[in-house]
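A short reminder: the numbers here are calculations on the coordinates, not readings from a lab. All values reported here derive from a predicted model rather than from experimental measurement. Note: ideal-geometry Cβ built from the backbone for every residue, glycine included; neighbour counts use all protein chains shown.
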Amino acid sequence: MGEKIEIKEERLSAEEYIDFLKRTDLGSQYPKERFAERISRLVNNVSISLVARNEGGLVVGTLFGLTDYVYWLYVTDLGVDREYEGQGIGSRLMKAAHEKAGGEKDIAVYLIANENAIPFYEKLGMKKAEDVMQYNQIEWTDFTVR
């Protein structure tokens, strides 16, 4: 495409993020229960909120993360508009988030990867962990944001 994509720290509205989800594969990672309410809390409360926009201002990539800015960064959401995949936007978002949290010499990065995204994360040098624990009592009805 050759468009200039700008990445900056920015809070999205729930509406703008939901619109973005319709154009990505992230739109099927959330439960249906209280979706709009929970997305509103998500966009307002993450530690790191990075947004990639095209020249026209359209959101074409996002990364949300939780961090203590000392030891770890947990990436909750990383997505790229299907029309903009393969342009390095996801890699740029990960690098920017890692730096924002404190840099690779101090910050370990964790995330739960969609099966289809594992090759992307492996290209970034990430490895599957065997020591992650989980407690999940969430009511979860699968659906896709449309």
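In whole Hz and in residue order, list the ³J(HN,Hα) couplings for segment 108-125 that follow from phi through the Karplus curve 6.51 cos²θ - 1.76 cosθ + 1.60, θ = phi - 60°; x for Gly and Pro.
Each residue's phi maps through the Karplus curve to give 8, 10, 10, 6, 9, 9, 4, 3, 6, 8, 4, x, 4, 5, 5, 4, 7, x Hz.
In terms of modelled amide H atoms, which long-range or inter-chain residues lie less than 5 Å from the amide H of ASP77?
Under 5 Å from the amide H of ASP77 lie the amide H atoms of PHE64, each far enough along the sequence or on another chain.
Segment 21-63: D in µm²/s via Stokes-Einstein (Kirkwood Rh, Cα pairs, 20 °C, 1.002 mPa s)?
Taking Rh from Cα pairs, D becomes 182 µm²/s.
Please identify every one of the trypsin sites (Lys or Arg not before Pro) in segment 29-115 that sits in a loop by DSSP and has no more than 10 other beta carbons within 10 Å of its own beta carbon.
Those that pass, being in a loop and sparsely packed, are LYS105.
For a quick check: with amide H placed at 1.01 Å from N, whose amide H comes under 5 Å from GLU85's, ignoring anything fewer than 5 positions away on the same chain?
Hits under the 5 Å cutoff: none.
Taking only DSSP H segments of four or more residues, each worth -39500 (n - 2.57), what value at 222 nm results for the chain once the sum is divided by all its residues, to the nearest 500 deg cm²/dmol?
-7500 deg cm²/dmol
Quick one: Karplus J couplings for segment 10-15, per residue in order, coefficients 6.51, -1.76, 1.60, θ = phi - 60°, nearest Hz, x for Gly and Pro?
Result, rounded to whole Hz: 6, 8, 8, 6, 4, 5.
Given H placed 1.01 Å from N in the peptide plane, which residues other than close sequence neighbours of GLY61 have an amide H under 5 Å from its amide H?
Amide H neighbours of GLY61, under 5 Å, 5+ apart: ALA52, ASP81.
Could you please state, rounded to a whole Å, how far the C-alpha centre of segment 76-146 is from the C-alpha centre of segment 1-40?
Taking the Cα centre of each part, segment 76-146 and segment 1-40 sit 14 Å apart.
From the phi angles alone, apply the Karplus equation (6.51, -1.76, 1.60; θ = phi - 60°) to segment 29-43 and give each ³J(HN,Hα) in whole Hz, x where the residue is Gly or Pro.
Those phi angles translate into 9, 9, x, 5, 4, 6, 3, 4, 4, 6, 5, 4, 5, 4, 5 Hz.
Shape verdict for segment 6-123, please, from the Cα gyration tensor: rounded (a/c under 1.5), prolate (a/b greater than b/c) or oblate.
rounded
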